[in-house]
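**Student:** After the structure tokens below, expect a handful of questions from me.
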Amino acid sequence: MTEAPFVLDEQLARFELDAARARTSAEVQKLRVDWLGKGHGVVTAFLGLLREVPKDEKGAYGAGVNKLKARVEARLKELEGAAAAEAARAAESARAVDVTLPPRVPAVGRLHPLTVVRRRIEASFRSLGYEVADGPEVESDWYNFESLNFPPDHPARDAVDTFFVKGGGTGRDRLLLRTHTSPVQMRTMLSRKPPIRILCPGRVFRKDDIDPRHLPVFNQIEGLAVDEGITFADLRGTLAAFARTFFGDRAKVRFGPTFFPFVEPGVDVAVSCVLCEQKGCRVCSGSGWIEIMGAGMVHPKVLENGGIDPERYTGFAFGMGVDRIALLLHGLPDLRLLLENDLRFLDRVWSS
């Protein structure tokens, strides 16, 4: 509000001075309030003084104030238009793409290391004529143990080592979470006649304490070949071919005697350390060899349980842990790292 005498030229000059400082929509809005606002705007105040102006001066005074008001309204309209246009330009500029800048590379998802290792193993055996077979994770005692020649008192058949399904039956029909993928081999033998060459990948479950080398849920791949005239030499040749395909042309395999209920004879299979080339390192414990799987010739009783004549056919089987091989390939200290879904860790694995 002003109580100064009204002089049109002075008020116009004063308004233009204020208008020159208004750039943004907020500043223009403040200018409108300062000059046209009800009760305290400059123009409003001069209109309120009209009643105090002498009668013979009211006409000139009123005309002057109205001229000032018209000029203020017109100028404010111009300023509001300019401010809106500037805001639009700023918004457009913010959305604009600077073609001179280098492009942003979007984050691209990648397969989990365990998936990659599993697929590489599958590809290696597919090239040798194997097909991939699948089966249920919840199995019966017969498929998981009895048909595979596990004796009734075998420790693996105890609830201390195996997850049994509550209310899942008794005896050979008792349900459990499979402890290996070998039941897939038995299901395959019962459903088709030789020749059989299959690979059985999948999750398995055991009551292992969680530590850097053991988990209660892990991934396994087993293989089975059954045909007339299959010998131990075929087993060795197959696994040697796999080692060269998977670990490189210079990889070698070594067999050591061991026992598994479902094979006879049974062997532990080690591959020459691909990290130190058998010079000795932390991963191979200085031996130059890394144990990767168990294998052996299929026990005649297992063939018989699978509906295959053991007098006519022979076969071999093998099994390996996908998690362990992934651990070895990437030189990782702890299995749990592969399951924590830490993207920073997975990025380091892929960049190593």
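The values are calculated or read from the model by the stated rules, or taken from the named source; none is laboratory data. These figures come from a predicted structure and were not determined experimentally. All Cβ positions, glycine included, derive from the backbone under ideal geometry; neighbour counts span all protein chains shown.
**Student:** Check region 51-58 and report whether any residue there is within 26 Å of A85 (Cα to Cα), surrounded by fewer than 16 Cβ atoms within 10 Å (Cβ to Cβ), charged (D, E, K, R) and in the same structural domain as A83 (by TED's automatic domain parsing).
**Tutor:** no
**Student:** Here's another thing I want to ask about it. Which condition breaks for G64 when tested against (1) modelled with pLDDT of 90 or more; (2) surrounded by 14 or more Cβ atoms within 10 Å (Cβ to Cβ)?
**Tutor:** G64 satisfies every listed condition except (1).
**Student:** From the residues in region 176-196 that are surrounded by fewer than 18 Cβ atoms within 10 Å (Cβ to Cβ) and either polar (S, T, N, Q) or touching a strand residue (DSSP E or B) at 6+ places or on another chain (Cβ under 7 Å) (or both), which one is farthest from F316 (Cα to Cα)?
**Tutor:** S191
**Student:** Something else now. Can you tell me which of (1) in contact with a strand residue (DSSP E or B) (Cβ under 6 Å, 6 or more places away or on another chain); (2) under 20 Å from I292 (Cβ atoms); (3) without any contact (Cβ under 8 Å) to a residue 24 or more places away in the chain is the one F164 doesn't meet?
**Tutor:** Among (1) in contact with a strand residue (DSSP E or B) (Cβ under 6 Å, 6 or more places away or on another chain); (2) under 20 Å from I292 (Cβ atoms); (3) without any contact (Cβ under 8 Å) to a residue 24 or more places away in the chain, the lone unmet condition for F164 is (2).
**Student:** Would you pick out the residues in region 228-254 that are touching a residue at least 40 places away in the same chain (Cβ under 8 Å) and surrounded by 15 or more Cβ atoms within 10 Å (Cβ to Cβ)?
**Tutor:** Within region 228-254, I230, F232, D234, L235, T238, L239, A241, F242, T245, F246 meet the criteria.
**Student:** Now a separate question. Give region 115-134 a look and list any residue that's of a type outside the set (D, E) and either in contact with a Pro (Cβ under 6 Å, 6 or more places away or on another chain) or surrounded by fewer than 17 Cβ atoms within 10 Å (Cβ to Cβ) (or both), or say none.
**Tutor:** Across region 115-134, the qualifying residues are T115, V116, R118, R119, R120, A123, R126, S127, L128, G129, V132.
**Student:** Is there a residue in region 273-293 that is among the charged types (D, E, K, R) and in contact with a helix residue (DSSP H, G or I) (Cβ under 8 Å, 6 or more places away or on another chain)? First the steps, then the outcome.
**Tutor:** If we filter region 273-293 for residues that are among the charged types (D, E, K, R), which is where we start, we get 277, 279, 282, 291.
Then drop every residue that is not in contact with a helix residue (DSSP H, G or I) (Cβ under 8 Å, 6 or more places away or on another chain), which leaves none.
No, every residue in region 273-293 fails to be among the charged types (D, E, K, R) and in contact with a helix residue (DSSP H, G or I) (Cβ under 8 Å, 6 or more places away or on another chain).
**Student:** Which count do you get for residues in region 15-50 that are surrounded by 15 or more Cβ atoms within 10 Å (Cβ to Cβ) and over 24 Å from A84 (Cα atoms)?
**Tutor:** Residues meeting the conditions: 7.
**Student:** Could you list all residues from region 135-155 that are without any contact (Cβ under 8 Å) to a residue 12 or more places away in the chain and either part of a loop (DSSP other than H, G, I, E, B) or surrounded by 14 or more Cβ atoms within 10 Å (Cβ to Cβ) (or both)? Let's see the steps before the verdict.
**Tutor:** Our first condition is that a residue be without any contact (Cβ under 8 Å) to a residue 12 or more places away in the chain; within region 135-155, this holds for 152-153, 155.
Within region 135-155, P152, D153 qualify.
**Student:** Identify all residues within region 198-208 that are surrounded by fewer than 19 Cβ atoms within 10 Å (Cβ to Cβ) and within 17 Å of Y130 (Cα to Cα); write none if there are none.
**Tutor:** Answer for region 198-208, where residues must be surrounded by fewer than 19 Cβ atoms within 10 Å (Cβ to Cβ) and within 17 Å of Y130 (Cα to Cα): there is none.
**Student:** Let me ask something additional. Restricting to region 287-315, what's the tally of residues that are over 36 Å from the mean Cα position of the chain (by Cα), of a type outside the set (D, E, K, R) and not in a loop (DSSP other than H, G, I, E, B)?
**Tutor:** Final tally of qualifying residues: 9.
**Student:** Pick out the one residue from A70, A74, A82, A63 that is part of a helix (DSSP H, G or I) and more than 20 Å from G37 (Cα to Cα). Step through it out loud before you land on a result.
**Tutor:** Details: A70 fails: more than 20 Å from G37 (Cα to Cα); A74 fails: more than 20 Å from G37 (Cα to Cα); A63 fails: more than 20 Å from G37 (Cα to Cα).
Just one listed residue meets the conditions, A82.
**Student:** Shifting gears a bit: Kindly indicate whether any position in region 93-105 is assigned to a loop (DSSP other than H, G, I, E, B), of a type in the set (S, T, N, Q) and exposed (fewer than 11 other Cβ atoms within 10 Å of the Cβ).
**Tutor:** Residues of region 93-105 assigned to a loop (DSSP other than H, G, I, E, B): 96-105.
Narrowing the set further to residues that are of a type in the set (S, T, N, Q) leaves 100.
When the remaining residues are screened for being exposed (fewer than 11 other Cβ atoms within 10 Å of the Cβ), the result is 100.
Within region 93-105, one or more residues are assigned to a loop (DSSP other than H, G, I, E, B), of a type in the set (S, T, N, Q) and exposed (fewer than 11 other Cβ atoms within 10 Å of the Cβ).
**Student:** Here are some residues: R348, R312, R336, R344. Which one is of a type outside the set (S, T, Y), under 23 Å from C276 (Cα atoms) and surrounded by fewer than 20 Cβ atoms within 10 Å (Cβ to Cβ)?
**Tutor:** The unique qualifying residue is R348.
**Student:** Looking at region 256-286 only, could you name the residues that are assigned to a loop (DSSP other than H, G, I, E, B) and in contact (Cβ under 8 Å) with a residue 12 or more places away in the chain?
**Tutor:** The answer is P261, F262, C273, V274, L275, C276, E277, V283.
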